[in-house]
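A short worksheet on the structure shown next.
The values are calculated or read from the model by the stated rules, or taken from the named source; none is laboratory data. Everything quoted here is computed from the prediction, not taken from an experiment. Positions of Cβ are generated from backbone atoms using ideal geometry, with glycine treated the same way; all protein chains shown enter the neighbour counts. Just the protein is used for accessible areas: all its heavy atoms, side chains included, with ligands, DNA and RNA removed. Shrake-Rupley method; radii C 1.70, N 1.55, O 1.52, S 1.80 Å.
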Amino acid sequence: SLEGKVQQYPLRQPMVDVTSIGAGGGSLAWIDAAGGLRVGPQSAGVRPGPACYGQGGTEPTVTDASVVLGYLNPSNFGYGEIALRPDLARQAVAKVAGKLGLGVEETALGIHRILNTRMAEEMRLVSIGRGHDPRQFALVALGGGGAVHAGRLAELLSIPRVLVPPVPGVLSALGLLVANIEHEHSITYPAGLAEADLRALEQAF
(Lines give C-alpha, C1' and ligand atoms only; values in the text may rest on other atoms or scores of the structure.)
Protein backbone atom coordinates (compact mmCIF):
# COMPACT_ATOMS: atom_id res chain seq x y z
CA SER A 1 0.00 0.00 0.00
CA LEU A 2 1.25 3.50 -0.85
CA GLU A 3 -0.35 4.96 2.23
CA GLY A 4 -1.70 3.84 5.57
CA LYS A 5 -2.74 4.95 9.01
CA VAL A 6 -1.22 5.09 12.46
CA GLN A 7 -4.24 4.95 14.77
CA GLN A 8 -6.68 7.28 12.96
CA TYR A 9 -4.02 9.50 11.36
CA PRO A 10 -3.34 9.05 7.64
CA LEU A 11 0.29 8.57 6.66
CA ARG A 12 1.33 8.87 3.03
CA GLN A 13 4.15 6.39 3.29
CA PRO A 14 4.55 2.94 1.69
CA MET A 15 3.73 0.43 4.40
CA VAL A 16 2.35 -3.04 5.01
CA ASP A 17 -1.24 -2.95 6.21
CA VAL A 18 -0.95 -4.49 9.67
CA THR A 19 -3.54 -4.25 12.42
CA SER A 20 -2.48 -5.08 15.97
CA ILE A 21 -4.60 -5.51 19.08
CA GLY A 22 -1.64 -5.36 21.46
CA ALA A 23 -2.23 -8.78 22.98
CA GLY A 24 0.16 -11.69 23.17
CA GLY A 25 1.58 -14.35 25.41
CA GLY A 26 2.83 -11.81 27.91
CA SER A 27 -0.50 -9.99 28.24
CA LEU A 28 -1.61 -9.84 31.87
CA ALA A 29 -4.95 -11.09 33.14
CA TRP A 30 -6.54 -8.85 35.77
CA ILE A 31 -9.80 -7.99 37.48
CA ASP A 32 -11.42 -4.64 36.72
CA ALA A 33 -13.34 -2.44 39.17
CA ALA A 34 -16.60 -4.23 38.34
CA GLY A 35 -15.08 -7.61 39.16
CA GLY A 36 -14.78 -8.72 35.53
CA LEU A 37 -11.88 -10.62 34.01
CA ARG A 38 -9.75 -8.57 31.60
CA VAL A 39 -6.70 -9.42 29.48
CA GLY A 40 -4.10 -6.80 28.50
CA PRO A 41 -3.03 -4.33 27.31
CA GLN A 42 -0.59 -4.48 30.22
CA SER A 43 2.18 -6.97 29.62
CA ALA A 44 4.72 -8.85 31.69
CA GLY A 45 7.25 -8.11 28.95
CA VAL A 46 10.47 -10.07 28.53
CA ARG A 47 11.54 -9.44 32.11
CA PRO A 48 10.13 -10.81 34.30
CA GLY A 49 7.86 -12.37 31.69
CA PRO A 50 5.16 -14.95 32.41
CA ALA A 51 5.24 -16.59 35.83
CA CYS A 52 5.93 -19.98 34.24
CA TYR A 53 9.30 -18.71 32.95
CA GLY A 54 10.58 -18.74 36.51
CA GLN A 55 12.20 -15.31 36.18
CA GLY A 56 10.35 -13.69 39.04
CA GLY A 57 7.01 -12.96 37.40
CA THR A 58 4.00 -13.57 39.63
CA GLU A 59 1.09 -12.08 37.66
CA PRO A 60 -0.95 -14.37 35.38
CA THR A 61 -0.40 -14.07 31.64
CA VAL A 62 -1.87 -15.71 28.55
CA THR A 63 1.18 -18.00 28.42
CA ASP A 64 0.54 -19.10 32.00
CA ALA A 65 -3.06 -19.89 31.03
CA SER A 66 -1.79 -21.90 28.06
CA VAL A 67 0.44 -23.94 30.37
CA VAL A 68 -2.43 -24.57 32.81
CA LEU A 69 -4.64 -25.76 29.94
CA GLY A 70 -1.92 -28.07 28.60
CA TYR A 71 -1.56 -26.18 25.32
CA LEU A 72 2.21 -25.85 25.82
CA ASN A 73 4.63 -28.67 26.61
CA PRO A 74 6.71 -27.59 29.63
CA SER A 75 9.57 -29.97 28.75
CA ASN A 76 9.81 -28.98 25.08
CA PHE A 77 9.32 -25.22 24.96
CA GLY A 78 11.63 -23.04 22.88
CA TYR A 79 13.34 -26.11 21.42
CA GLY A 80 13.93 -27.33 24.96
CA GLU A 81 15.93 -24.24 25.91
CA ILE A 82 13.32 -22.95 28.36
CA ALA A 83 11.96 -25.20 31.12
CA LEU A 84 8.47 -23.96 31.94
CA ARG A 85 7.16 -24.14 35.51
CA PRO A 86 3.54 -25.37 35.54
CA ASP A 87 3.42 -24.95 39.33
CA LEU A 88 4.21 -21.23 39.05
CA ALA A 89 1.69 -20.84 36.20
CA ARG A 90 -1.04 -22.36 38.37
CA GLN A 91 -0.12 -20.14 41.32
CA ALA A 92 -0.35 -17.03 39.14
CA VAL A 93 -3.69 -17.96 37.56
CA ALA A 94 -5.00 -18.97 40.99
CA LYS A 95 -4.59 -15.36 42.17
CA VAL A 96 -7.21 -14.25 39.66
CA ALA A 97 -9.31 -17.40 40.01
CA GLY A 98 -9.71 -16.80 43.75
CA LYS A 99 -11.13 -13.33 43.13
CA LEU A 100 -13.57 -14.69 40.56
CA GLY A 101 -14.61 -17.68 42.64
CA LEU A 102 -13.65 -20.04 39.81
CA GLY A 103 -11.28 -22.96 39.43
CA VAL A 104 -7.81 -22.48 37.98
CA GLU A 105 -8.64 -24.32 34.74
CA GLU A 106 -11.91 -22.41 34.32
CA THR A 107 -10.09 -19.11 34.77
CA ALA A 108 -7.33 -20.10 32.33
CA LEU A 109 -10.00 -20.99 29.77
CA GLY A 110 -11.69 -17.65 30.41
CA ILE A 111 -8.40 -15.84 29.72
CA HIS A 112 -8.13 -17.63 26.39
CA ARG A 113 -11.75 -16.96 25.49
CA ILE A 114 -11.38 -13.24 26.12
CA LEU A 115 -8.20 -12.98 24.05
CA ASN A 116 -9.56 -15.13 21.22
CA THR A 117 -12.79 -13.13 21.07
CA ARG A 118 -10.84 -9.87 20.83
CA MET A 119 -8.62 -11.24 18.07
CA ALA A 120 -11.60 -12.65 16.17
CA GLU A 121 -13.40 -9.31 16.37
CA GLU A 122 -10.36 -7.49 15.00
CA MET A 123 -10.10 -10.04 12.19
CA ARG A 124 -13.75 -9.41 11.34
CA LEU A 125 -13.02 -5.69 11.03
CA VAL A 126 -10.16 -6.24 8.57
CA SER A 127 -12.02 -8.87 6.54
CA ILE A 128 -15.82 -8.52 6.60
CA GLY A 129 -15.45 -4.80 7.28
CA ARG A 130 -13.57 -4.47 3.98
CA GLY A 131 -15.88 -6.71 1.98
CA HIS A 132 -13.95 -9.97 2.29
CA ASP A 133 -15.53 -13.23 3.45
CA PRO A 134 -13.11 -14.97 5.85
CA ARG A 135 -14.67 -18.32 4.91
CA GLN A 136 -12.95 -18.01 1.54
CA PHE A 137 -9.47 -17.63 3.02
CA ALA A 138 -6.93 -19.68 4.95
CA LEU A 139 -5.65 -18.49 8.32
CA VAL A 140 -1.85 -18.37 8.62
CA ALA A 141 -0.62 -18.84 12.17
CA LEU A 142 2.54 -16.88 12.88
CA GLY A 143 4.28 -15.66 15.98
CA GLY A 144 5.37 -17.71 18.96
CA GLY A 145 1.82 -18.41 20.13
CA GLY A 146 -0.06 -18.11 16.85
CA ALA A 147 -0.69 -21.82 16.47
CA VAL A 148 -2.02 -22.01 20.04
CA HIS A 149 -4.94 -19.73 19.13
CA ALA A 150 -5.37 -20.36 15.39
CA GLY A 151 -7.74 -23.32 15.65
CA ARG A 152 -10.18 -21.50 17.90
CA LEU A 153 -10.00 -18.34 15.77
CA ALA A 154 -10.72 -20.35 12.64
CA GLU A 155 -13.73 -21.86 14.41
CA LEU A 156 -15.05 -18.47 15.53
CA LEU A 157 -14.72 -17.05 12.00
CA SER A 158 -15.72 -20.22 10.08
CA ILE A 159 -12.35 -20.24 8.30
CA PRO A 160 -11.97 -23.70 6.75
CA ARG A 161 -8.19 -24.06 6.75
CA VAL A 162 -5.28 -23.14 9.01
CA LEU A 163 -1.69 -23.01 7.73
CA VAL A 164 1.10 -23.38 10.30
CA PRO A 165 4.60 -22.66 8.91
CA PRO A 166 7.55 -24.77 10.12
CA VAL A 167 8.95 -21.82 12.08
CA PRO A 168 5.98 -19.55 12.92
CA GLY A 169 7.85 -17.68 15.66
CA VAL A 170 10.38 -16.24 13.20
CA LEU A 171 8.25 -16.20 10.04
CA SER A 172 8.49 -12.43 9.64
CA ALA A 173 12.28 -12.49 10.00
CA LEU A 174 12.54 -15.40 7.56
CA GLY A 175 10.37 -13.56 5.05
CA LEU A 176 12.60 -10.51 5.32
CA LEU A 177 15.67 -12.63 4.62
CA VAL A 178 14.28 -14.37 1.52
CA ALA A 179 12.28 -11.48 0.03
CA ASN A 180 13.51 -9.74 -3.11
CA ILE A 181 15.10 -6.34 -2.50
CA GLU A 182 12.96 -3.50 -3.79
CA HIS A 183 13.64 0.23 -4.00
CA GLU A 184 10.74 2.65 -4.08
CA HIS A 185 11.23 6.29 -5.08
CA SER A 186 8.78 9.13 -4.86
CA ILE A 187 8.76 12.88 -5.33
CA THR A 188 6.27 15.49 -4.22
CA TYR A 189 4.83 18.03 -6.65
CA PRO A 190 2.74 20.45 -4.59
CA ALA A 191 0.55 22.66 -6.75
CA GLY A 192 -3.03 23.77 -6.96
CA LEU A 193 -4.97 22.46 -9.94
CA ALA A 194 -5.19 25.91 -11.53
CA GLU A 195 -1.44 26.52 -11.22
CA ALA A 196 -0.23 23.02 -12.09
CA ASP A 197 2.11 23.04 -15.08
CA LEU A 198 1.90 19.99 -17.29
CA ARG A 199 5.56 20.14 -18.32
CA ALA A 200 6.74 20.47 -14.74
CA LEU A 201 4.46 17.63 -13.78
CA GLU A 202 5.85 15.42 -16.57
CA GLN A 203 9.39 16.32 -15.48
CA ALA A 204 8.62 15.29 -11.92
CA PHE A 205 7.08 12.06 -13.14
Discussion item. Checking the structure you have, find out if any residue of region 131-138 is surrounded by 15 or more Cβ atoms within 10 Å (Cβ to Cβ), touching a Ser or Thr at 6+ places or on another chain (Cβ under 7 Å) and not polar (S, T, N, Q).
Written reply: yes
Discussion item. With the requirement that a residue be part of a helix (DSSP H, G or I) and open to solvent by 40 Å² or more (accessible area, probe 1.4 Å), what does region 95-118 give you?
Written reply: 95, 98, 99, 100, 105, 106, 109, 113, 114, 117, 118
Practice prompt. Tell me the strands (runs of 3 or more DSSP E) entirely within region 1-81 that contain at least 1 residues that are of a type in the set (Lys, Arg).
Written response: 4-6, 37-43
Response to the item:
Pairs returned, first residue in region 44-62 that is at negative phi, second residue that is among the basic types (Lys, Arg) and open to solvent by 10 Å² or more (accessible area, probe 1.4 Å), beta-carbon separation under 6 angstrom, 6 or more apart or interchain, are 52/85
Worksheet, complete the sentence: Those residues of region 124-150 which are closer than 20 Å to residue 26 by Cα, in a helix (DSSP H, G or I) and free of Cβ contacts under 8 Å to residues at least 60 places away in the same chain amount to 146, 147, 149, 150
Response to the item:
Out of (1) without any contact (Cβ under 8 Å) to a residue 12 or more places away in the chain; (2) open to solvent by 100 Å² or more (accessible area, probe 1.4 Å); (3) under 23 Å from residue 3 (Cβ atoms); (4) aliphatic (A, V, I, L, M), the one residue 196 does not meet is (2)
Item to complete: Among the candidates 13, 42, 7, single out the residue that is surrounded by fewer than 16 Cβ atoms within 10 Å (Cβ to Cβ), out of contact with any His (no Cβ under 6 Å at 6 or more places or on another chain) and within 25 Å of residue 82 (Cα to Cα).
Response: 42
Worksheet item: Looking only at residues in region 149-180 that are β-branched (Val, Ile, Thr) and at pLDDT 90 or above, which one is least open to solvent (accessible area, probe 1.4 Å)?
Response: 159
Worksheet item: Given the residues 85, 90, which is the only one that is under 14 Å from residue 108 (Cβ atoms) and open to solvent by 60 Å² or more (accessible area, probe 1.4 Å)?
Response: 90
Worksheet item: What are the pairs, 6+ residues apart or on separate chains, where a residue within region 1-20 that is over 21 Å from residue 179 (Cβ atoms) and of a type in the set (Lys, Arg) has its Cβ under 8 Å from a residue that is at pLDDT 75 or above and surrounded by 10 or more Cβ atoms within 10 Å (Cβ to Cβ)?
Response: 5/11
